[in-house]
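The structure under discussion appears below in the form of structure tokens.
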Amino acid sequence: MNAQHDPYDEGARVIQLDSARQERESSNHGPSGHRSSNHGSSSHGSSGHEPSGLERKLASGLSFLRRRLAGEYEVDEFGFDSEFNDTILLPFARAFYERWFRVELFGLDNVPAEGGALIVANHSGTVPLDGIMLSVGMHDHAKRDLRLLGADLIYQVPLLGHLSRKAGHTLACHADAGRLLDKGELVGVFPEGFKGVGKPFSERYRLQRFGRGGFVGTALRSNVPIIPCAIVGAEEIYPKLADLRPLARLFGLPYFPVTPTWPLFGPAGLVPLPSKWMIQFGEPMTLDEYDAASAEDPMTVFDITDHVRENVQQMLYDTLLRRGPAFF
């Protein structure tokens with residue numbers, strides 16, 4: 001599947017994934033290999049004025065705005081805009097990650113520091129904030145950009161689809177996933193899809209079916225490890241008590257939820273409840289014993305898919321016990 005370029009990015013220079021990574025690293029390091037400094041001693045020595053934190057933020061913001069207006073920024077072939085993601089999207093999500101959900105990561109050493117890998121996680125929460133929190137954790141603690149695979153519906157919503165591309169995510173299809181993995185990217189997938197994120201609160205932390213195992217075929221073809229991941233906490237942010245199916249059909253949605261706060265409290269009901277989150281990464285599941293042709297064998301794909309699902313389910317139970325109460 002060919003990547004589609006967003007018309008909003010016509011002024012930006014499109015670069016290949018490998019080039020984007022190299023240029024970003026070189027811009028953060030000087031010729032000696034150390035991070036370059038923006039504070040020249042001569043300029044401060046002559047003026048004697050040390051810029052305040054507010055002045056630095058203002059100068060940085062104006063510089064960012066100038067570059068955007070002039071088209072002096074870069075996107076890769078999937079539309080990933082690392083500067084926009086780091087400057088606009090991640091800081092907003094990070095506030096929820098650190099202060100609202102108080103996310104803790106465990107097993108981070110199981111995530112490879114480089115090279116292609118496929119993170120396979122459970123999906124829940126009525127509104128899929130788990131993918132956003134997982135991306136923040138990978139960026140801030142693993143120092144890697146997580147490229148999530150999303151459903152078609154996400155990219156049919158103009159603003160949401162545009163921002164998803166900016167954040168580095170793409171459609172959940174073999175072609176896009178394979179290209180990212182072959183380039184050494186860290187890719188995230190939620191095999192439960194809308195069945196997981198939209199399940200009722202009474203079925204919390206019970207995994208739904210993992211589809212037809214398409215993610216396994218992708219991992220086999222690219223010969224990358226599968227990292228099982230359990231996310232605890234998302235189930236409580238919007239407890240789904242009922243589903244208004246007529247409204248869901250009217251708006252073309254997979255479900256229209258009723259929660260303790262929505263739609264009773266109107267827009268205020270969209271604020272997620274401040275549950276305590278934990279994210280656990282399991283040991284990498286290497287597929288070295290299989291070859292690429294195994295991706296075409298339905299029984300092999302089914303067996304591996306079932307094994308991954310069992311691992312994630314057991315990790316969910318263990319992490320749930322470790323967390324204890326949902327909001328403290």
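Confirm whether residue 283 is of a type in the set (D, E, K, R), under 19 Å from residue 125 (Cα atoms) and within 20 Å of the chain's Cα centre (by Cα).
Here the answer is no, as residue 283 does not meet what is asked.
Does residue 239 satisfy being open to solvent by less than 20 Å² (accessible area, probe 1.4 Å), part of a loop (DSSP other than H, G, I, E, B) and either without any contact (Cβ under 8 Å) to a residue 40 or more places away in the chain or more than 30 Å from residue 182 (Cα to Cα) (or both)?
yes
Please give the number of the condition residue 271 fails out of (1) aliphatic (A, V, I, L, M); (2) closer than 23 Å to residue 151 by Cα; (3) open to solvent by 60 Å² or more (accessible area, probe 1.4 Å); (4) modelled with pLDDT of 95 or more.
Unmet condition: (2).
Within region 87-107, how many residues turn out to be without any contact (Cβ under 8 Å) to a residue 12 or more places away in the chain and either on the phi > 0 side of the Ramachandran plot or surrounded by fewer than 15 Cβ atoms within 10 Å (Cβ to Cβ) (or both)?
5
How about region 254-268: which of its residues are without any contact (Cβ under 8 Å) to a residue 24 or more places away in the chain and either crowded, with 16+ Cβ neighbours inside 10 Å or aliphatic (A, V, I, L, M) (or both)?
Of everything in region 254-268, those that are without any contact (Cβ under 8 Å) to a residue 24 or more places away in the chain and either crowded, with 16+ Cβ neighbours inside 10 Å or aliphatic (A, V, I, L, M) (or both) turn out to be 256, 258, 261, 264, 268.
Of the residues that sit in region 108-142 and are under 13 Å from the mean Cα position of the chain (by Cα) and open to solvent by 10 Å² or more (accessible area, probe 1.4 Å), which one is modelled with the lowest pLDDT?
The selected residue is 128.
Spot the failing condition for residue 288; the list is (1) modelled with pLDDT under 95; (2) open to solvent by less than 60 Å² (accessible area, probe 1.4 Å); (3) assigned to a loop (DSSP other than H, G, I, E, B), and only one is missed.
Residue 288 satisfies all of (1) modelled with pLDDT under 95; (2) open to solvent by less than 60 Å² (accessible area, probe 1.4 Å); (3) assigned to a loop (DSSP other than H, G, I, E, B) except (2).
Mind telling me which of the residues 245, 322 ends up being open to solvent by 80 Å² or more (accessible area, probe 1.4 Å), free of Cβ contacts under 8 Å to residues at least 12 places away in the same chain and of a type in the set (Lys, Arg)?
245
Hey, does region 186-209 have a residue that's assigned to a loop (DSSP other than H, G, I, E, B), within 22 Å of the chain's Cα centre (by Cα) and surrounded by fewer than 15 Cβ atoms within 10 Å (Cβ to Cβ)?
yes
In this structure, is residue 198 under 20 Å from residue 125 (Cα atoms) and out of contact with any helix residue (DSSP H, G or I) (no Cβ under 9 Å at 6 or more places or on another chain)?
When the stated conditions are applied, residue 198 passes them.
The values are calculated or read from the model by the stated rules, or taken from the named source; none is laboratory data. On a predicted model such as this, the values are computed, not experimentally measured, just so you know. Neighbour counts run over all protein chains shown; Cβ positions are idealised from the backbone, glycine included. Heads up: the accessible areas ignore ligands, DNA and RNA and are worked out on the full protein's heavy atoms, side chains in. Shrake-Rupley method; radii C 1.70, N 1.55, O 1.52, S 1.80 Å.
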